[in-house]
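The values are calculated or read from the model by the stated rules, or taken from the named source; none is laboratory data. No experiment lies behind these values; they were computed from the predicted model shown. Ideal geometry is used to build each Cβ from the backbone, glycine not excepted, and the neighbour counts take in all protein chains shown. Each accessible area value is taken on the protein alone, full model and side chains, heavy atoms only, with ligands, DNA and RNA left out. Shrake-Rupley method; radii C 1.70, N 1.55, O 1.52, S 1.80 Å.
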Amino acid sequence: MSEEEITGRSAREDILGRLKEIPKTVVEPRPDMPPLRELSLDREQMITTFIEKLTLEEGIVYRVQDGREAIARLTEIVVGEGLQKVMVSTDDVVASLDLPAWGKEQGIAVLTPRDSGDRDSFRDAVFDEVEAGITGADYAVAESGTLVIVHDADQPRLISLAPIMHIALVSVERIVPTYERAIEELYGDTKNIPSHVTFITGPSMTADIKGKPFKGMHGPRRLMVILIG
Amino acid sequence: MEIRTTLFNEIAEKEIRNPYARAFLKAMPAAIAARRKTVMGSFPDPDAAQACGQAIRAEVVAWLPELLEEFEKNALARGAKILWARDAGEANEMVLAIAKERNVTYVTKGKSMVTEEIGLNDALAESGIEPFETDLGEFIAQQLKRPPFHIVGPAINVPVEEVCDLFMEKAGMEKPTTDPVELGYAARLFLRDKFHHVALGVTGVNMAVAETGTIINLENEGNIRFNKSSPRTQVSIMSLEKVVPTMEDAMHLTRLLSRNCTGQAISAYVSMDSGPKKPGEIDGPEELFIIIVDNGRSEIYADSVAREALRCIRCGGCLNICPVYAKIGGYPYGWAYSGPMGQVLTPLLLGLDRTQDLYRACTLCGSCREVCPAGVDHPSMFLYYRSKDVEEDRGLRGKKRPWKESRFFDLWSRAVTHSALWNLGFRLARPLVNRYSHSGVITRMGGYFEGWFRTRNLPAIAKETFHERWKRLRRETAPGGQNGRKGKP
């Protein structure tokens, strides 16, 4: 295949040419839509709604006062589940808790992506070695109990996906009523758009066999959220 | 995928007797439709929210070339590679070229209707590259070589025993089971290994945002996220009309798509790519290819009525509400798109001549139009296709009906629009028609009209029609035996 064929430049001209030949039609102005109810909630109401909605999707939400309590909660989870090895991201929320040091105290192996030199060894770790992924989240959206995670060098995509359990930490400061509030901040400055953003609302799920719903199809079977503040 | 649209009636008759399919069709679509209704209630004004989605899609259709150019410009600026394919063959060649250049032996795939449309799996397999569908239902449908039964649950009708046999044979499952959850985990284990080592992931696209050059996927299982996170190379394939103007529009459509598709407020995962991974990121694609597939759409665009089909966002809301789909399921539609959505799209993509039963298998009840978040007017589209078919429209590849049928309808339309002809026709037809009458009801008639009576009866034509009686009474009651004209105001 030539470069021309691979990029489909001539196809592009054909397709756009045909589309542009057609005279423009008048489009009706958009109808008004009343603002979403969540926009009138105060912070505590947003938090309550977030917890309610995510719980409905079988996410488990713990609310704690501060970082110290977050660590205590994390310890309880790790002990309760008998976890031996976890992968943690290095984003701001998690980094501030110094989980590698906590891991040493607790006697569990805490890996970070930096321990893996490259994609392949990182994949080996998240697919086969660790029992849970611990990450921060950038926003918590009240309207549907949704976590928004912005991926970058400190927040790889697979930590919140490949291990069978995902534990996410998010500050109540980061609660927003609707998706748009998070999106405006993330995509408002077109010079600096993140390469990948994920919305997570509950564990991975399916109902593809006989319509029987269950969690943990390809992604985590369990999602726990520690809401700080 | 084999195209079987000309076998609509044949397959429908078979499927209507399939007990497994019937069990699901009785429960599932109605359950999703009910959930949809509940969750639509989270909007302060559900109708307004729906109307807003429809308006966004109307804009997309009106400004399609401009939005595509803007999307391309912004996606390129983020580092994505944009490829344009005129048809299925070109699109498949592009994926093959990318795969071969990188020496991959297999690819993993997220569920994507457009890749079914272009037959990508067959093209890959023929070139010795094994495609693995990774959506659970799609994986089962692919392994069984069946078309999707439902857009959301492509294999939801397949009996567990059959899934069990399949997984024992093809997915390395060791112990037989008929528990859907255990079967699901067997597929998880099998596909997890594929995700772990995959070099090339293929996905569809739910929305391509012009303003930012971002592509968005909605899913529940996490398989699409794996396809966008694990491999070095990501190929995302979209048909022209997937573009939307802004991120804000995409968020509103995300709400509507989730609600109309599965009755969820939002699907478990929504993932958004703006270009490939940035330097320093350890996972995510080093190269992101976005293939924009035309496959006949730019020609459809010239037809101002047919163009409206491009509003469709493939939520499947229309399947769950359709009384015809609820009886026959997805197989009779014979291709990638089933239900009213398929009846609208397939005739345009394959031609009216090969899909004649699709746009006729409709009672025009309009339930699909009522739930459509994109504003597709299905019944009007079907009437349009029927007329274009009869007219032998060249662009849409209409095929004339049998000459006897067209002759009959020519006469019929003349008769019903001219009262003198109609009355005369009635008088002439009465003795012929009433020969079949038993106690005033005609239950069957031989010859050309046989089919009409399969599900209907016709009352015999009265000895004296209302019209005739009216005339007679007027004559008899008019003073001085004059005709009734005097009584007329």
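For this structure, a couple of remarks:
- Farthest toward positive dipole pole in the range A:15-228 [+1 Lys/Arg, -1 Asp/Glu at C-beta], among A:Ala162, A:Leu16, A:Ala182: A:Leu16
- Under 5 Å, built H, 5+ apart or other chain: amide partners of B:Thr203: B:Gly110, B:Val235, B:Ser236, B:Ile237
- Accessible area buried, both sides summed, chains B and A with 1.4 Å probe, Å²: 8300 Å²
- Length-normalised contact order of chain B in % [C-alpha pairs under 8 Å, at least 6 apart]: 20 percent
- Given charges at beta-carbon only (K, R positive; D, E negative), |dipole| of the range A:59-177 in Debye: 160 debye
- Between 0 and 90 degrees, the angle of helix B:378-390 with respect to the longest Cα principal axis of chain B falls at about 70 degrees.
- Relative contact order of chain A, pairs being alpha-carbon contacts under 8 Å that are 6 or more residues apart, as %: 24 percent
- Accessible-area composition of the protein assembly as shown, carbon plus sulfur, in percent [1.4 Å probe]: 52 percent
- For peptides B:407-413, B:370-376, A:82-88, B:457-463, sequence by mean Cβ density within 10 Å, most packed first: B:370-376, A:82-88, B:457-463, B:407-413
- Left without a cysteine partner by the 4.7 Å Cβ rule in chain B: B:Cys52, B:Cys164, B:Cys312, B:Cys322, B:Cys362, B:Cys365, B:Cys372.
- In the full protein context, the protein assembly as shown carries 42 Å² of accessible surface per residue, based on a 1.4 Å probe and ignoring ligands, DNA and RNA.
- Considering only B:Thr455, B:Phe466, B:Pro431, the residue lying farthest towards the positive end of the dipole of the range B:414-475 is B:Phe466, judged by Cα position with unit charges set on Cβ.
- Euclidean distance of C-alpha centroids, the range A:120-188 and the range B:4-73, integer Å: 30 Å
- The helix-only estimate of mean residue ellipticity at 222 nm for chain B, built from DSSP H runs of length n ≥ 4 each weighted as -39500 (n - 2.57), is -14500 deg cm²/dmol after division by the residue total.
- Of the residues A:Glu44, A:Glu69, B:Glu138, B:Glu59, ranked by 1.4 Å probe accessible area with the largest first, the sequence reads A:Glu44, A:Glu69, B:Glu59, B:Glu138.
- Listing of the range B:279-300 residues, each with accessible area lower by at least 50 Å² in the full protein assembly than in the chain alone (probe 1.4 Å): B:Glu281, B:Ile282, B:Asp283, B:Ser298
- Percent of beta bridges antiparallel (DSSP, chain A, rounded to nearest 5): 30 percent
- Degrees, to the nearest 10: B:46-62 long Cα axis against longest axis of chain B: 80 degrees
- Accessible area (Å², 1.4 Å probe, nearest 10) - B:Thr38: 110 Å²
- Dipole magnitude for the range A:15-228: computed about the Cα centre from +1 point charges on Lys and Arg Cβ and -1 point charges on Asp and Glu Cβ, it is near 660 debye.
- Within straight-line cross-link reach of B:Lys277, lysines at Cα separation under 25 Å, skipping those fewer than 8 residues along the same chain: A:Lys191, B:Lys73, B:Lys81, B:Lys100, B:Lys109, B:Lys111, B:Lys194, B:Lys228, B:Lys242
- Dividing the summed helix terms, -39500 (n - 2.57) for each DSSP H run of n ≥ 4, by the number of residues in chain A produces a 222 nm estimate of -9000 deg cm²/dmol to the nearest 500.
- Report note on the peptides B:22-35, B:223-236: ranked by the mean count of other C-beta atoms within 10 Å, highest first, their order is B:223-236, B:22-35.
- Under 20 Å of direct C-alpha separation, and excluding same-chain neighbours fewer than eight residues apart, B:Lys327 reaches these lysines: A:Lys210, B:Lys14, B:Lys26.
- Check: chain B dipole with +1 on Lys, Arg Cβ and -1 on Asp, Glu Cβ, in debye: 3400 debye
- Shielded by partner chains, the range B:139-179 residues - at least 20 Å² of accessible area, 1.4 Å probe, vs chain alone: B:Ile156, B:Val160
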